[in-house]
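Chemist: Dropping the structure in here first, questions after.
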């Protein structure tokens, strides 16, 4: 009994001294670091991760180009200087070409996609996948997106007859689930009319994690190599299996009957000589998982700000209505991207509410920060807080104000490099940027043309965010008053 007691005490002391040394990891290397250690970037204080990082940004900006932080005792680097961020994302990309995300081809096939792959695997996959996301390929899908956005308008018109107060986050999710299910999996998903459809159910499942799944997710983020050894699944098994099997069934059916459509499935079929069906399924899953929430988030917050700023909403509606009338009532792919004020409004929503507020890059070899003697060690992740840059008054005066004029032709040229990063930057920027913009702009255009949005008693003013969510998300939904024009 005595020996067990001494072993226990020794173990406590070992853990104590290990944590003490771990908490001095950055101080020992000459970096500044916040006093609080061991929390997940503010979550333990009731803040979102990007809000927790924003506190550090405000405290240390101007004092250091980068500071050392900890994610549950795992050391990471937090750059606050746009010039250093530019080096990480672009100039010195060879030192930071990985994201350091968890993936496991065997245990969790849907995790091994373009977003998470590292090194040469990523480089090869990116080269082969890039032609799928060109403007020409997006134009092929325009008609499908146009039809589904019309269905969104039609169904919403029916629903406002019984109630004019709606959660526009949920409507946005129904649209993106329906749209991406159609173009990425080749199926009529019926998500807009039936929010209990399979694609909506499993789309929500990817975000509505159970407590143990949240723990696994955090574990996989912070210790991906160990998570791989333990064969942990970062995505809920039921959701991952649904998307995997759905794609494989469509894939096999298309091959058997030689069916060709203007969608991602047919484009991925063109790569079947390069990749296995499981690898292609992982890419289809990524299109859904990434596009479902990011695009719906952009739609959600754009409608929110338009509801709060009626003069901006009216001006946008006038641009849309006039442009379509002048083209004999027709909307084309080219027109969608030629609406200048629509582009300004969308960019300002991306600035104020970046769907992915934190970017990750992994240092793959020791890196000396330019102009200093500080070394970022191999294996350390760099966390770039897009939210802080977008809300820094030095780069965007009056950052809490929704002002599309920031993105006029005249003002855009004055935006400092690497301070506006809604889609990342450099070689690992968002490959699906064009598709995301197409579906978001299409839905926003159709909704603003047909409906007036305004605040209601349930509208969040000021905005509050869900504390733990992989994307920026309004707390309790986005409730707005919706009236037919």
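Chemist: Would you check if residue 156 is touching a strand residue (DSSP E or B) at 6+ places or on another chain (Cβ under 9 Å), buried (at least 16 other Cβ atoms within 10 Å of the Cβ) and farther than 30 Å from residue 361 by Cα? Break it down stepwise before answering.
Modeler: On the way: touching a strand residue (DSSP E or B) at 6+ places or on another chain (Cβ under 9 Å): yes; buried (at least 16 other Cβ atoms within 10 Å of the Cβ): yes; farther than 30 Å from residue 361 by Cα: yes.
Yes; evaluated as a whole, the condition is true for this residue.
Chemist: Have a look at 446, 441, 405 and point out the one that is over 25 Å from residue 140 (Cβ atoms), in contact (Cβ under 8 Å) with a residue 60 or more places away in the chain and assigned to a helix (DSSP H, G or I).
Modeler: Working: 446 fails: over 25 Å from residue 140 (Cβ atoms); 441 fails: over 25 Å from residue 140 (Cβ atoms).
Result: 405 is the single residue among 446, 441, 405 that is over 25 Å from residue 140 (Cβ atoms), in contact (Cβ under 8 Å) with a residue 60 or more places away in the chain and assigned to a helix (DSSP H, G or I).
Chemist: For the range 411-438, which residues satisfy the criterion of being on the phi > 0 side of the Ramachandran plot and in a helix (DSSP H, G or I)? Talk me through it step by step, then tell me what you get.
Modeler: Taking the range 411-438 first, the residues on the phi > 0 side of the Ramachandran plot are 418, 424, 426.
Hit for the range 411-438 is 426, nothing else.
Chemist: Among the residues that make up the range 384-392, is at least one of them over 19 Å from residue 442 (Cα atoms), within 26 Å of the chain's Cα centre (by Cα) and assigned to a strand (DSSP E or B)?
Modeler: At the first step, the residues of the range 384-392 found to be over 19 Å from residue 442 (Cα atoms) are 384-392.
Remaining after also requiring within 26 Å of the chain's Cα centre (by Cα): 384-392.
Of the ones still in play, those that are also assigned to a strand (DSSP E or B) are 384-385.
Checking the range 384-392: at least one residue is over 19 Å from residue 442 (Cα atoms), within 26 Å of the chain's Cα centre (by Cα) and assigned to a strand (DSSP E or B).
Chemist: Does the range 356-378 contain at least one residue that is under 26 Å from residue 152 (Cα atoms) and either in the same structural domain as residue 50 (by TED's automatic domain parsing) or surrounded by fewer than 18 Cβ atoms within 10 Å (Cβ to Cβ) (or both)?
Modeler: Taking the range 356-378 and keeping what is under 26 Å from residue 152 (Cα atoms), we get 356.
Then keep just the ones that are either in the same structural domain as residue 50 (by TED's automatic domain parsing) or surrounded by fewer than 18 Cβ atoms within 10 Å (Cβ to Cβ) (or both); that gives 356.
Yes, the range 356-378 contains a residue that is under 26 Å from residue 152 (Cα atoms) and either in the same structural domain as residue 50 (by TED's automatic domain parsing) or surrounded by fewer than 18 Cβ atoms within 10 Å (Cβ to Cβ) (or both).
Chemist: Which residue, of 289, 284, is more than 24 Å from residue 354 (Cβ to Cβ) and either touching a strand residue (DSSP E or B) at 6+ places or on another chain (Cβ under 6 Å) or crowded, with 16+ Cβ neighbours inside 10 Å (or both)?
Modeler: Values: 289 fails: more than 24 Å from residue 354 (Cβ to Cβ).
Criteria check complete, one pass: 284.
Chemist: Considering each residue of the range 158-201, count those that are touching a helix residue (DSSP H, G or I) at 6+ places or on another chain (Cβ under 8 Å), part of a helix (DSSP H, G or I) and within 25 Å of residue 437 (Cβ to Cβ), and give that number.
Modeler: Total satisfying the criteria: 19.
Chemist: Would you confirm whether any residue within the range 359-379 is under 20 Å from residue 298 (Cα atoms), within 21 Å of the chain's Cα centre (by Cα) and either touching a residue at least 12 places away in the same chain (Cβ under 8 Å) or in a loop (DSSP other than H, G, I, E, B) (or both)? Steps first, please.
Modeler: Taking the range 359-379 first, the residues under 20 Å from residue 298 (Cα atoms) are 359.
Cutting the leftovers down to within 21 Å of the chain's Cα centre (by Cα) gives us 359.
Checking the rest, the ones that are also either touching a residue at least 12 places away in the same chain (Cβ under 8 Å) or in a loop (DSSP other than H, G, I, E, B) (or both) come to 359.
Yes, that holds for at least one residue.
Conditions tested, residue by residue: (1) modelled with pLDDT under 80; (2) in the same structural domain as residue 360 (by TED's automatic domain parsing); (3) within 30 Å of the chain's Cα centre (by Cα).
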residue: 17; (1), (2), (3): yes, no, no
residue: 37; (1), (2), (3): yes, yes, yes
residue: 48; (1), (2), (3): no, yes, yes
residue: 52; (1), (2), (3): no, yes, yes
residue: 76; (1), (2), (3): no, yes, yes
residue: 85; (1), (2), (3): no, yes, yes
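Chemist: Any residue in the range 201-212 that is farther than 15 Å from residue 290 by Cα sitting within a Cβ distance under 8 Å of a residue that is in a helix (DSSP H, G or I) and at pLDDT below 95? List the pairs, counting only those 6 or more apart or interchain.
Modeler: From the range 201-212, the pairs are 209/217.
The values are calculated or read from the model by the stated rules, or taken from the named source; none is laboratory data. All of these numbers come straight from a predicted model, not from anything done at the bench. Here the Cβ is made from the backbone with ideal geometry for all residues, glycine too, and neighbour counts use every protein chain on show.
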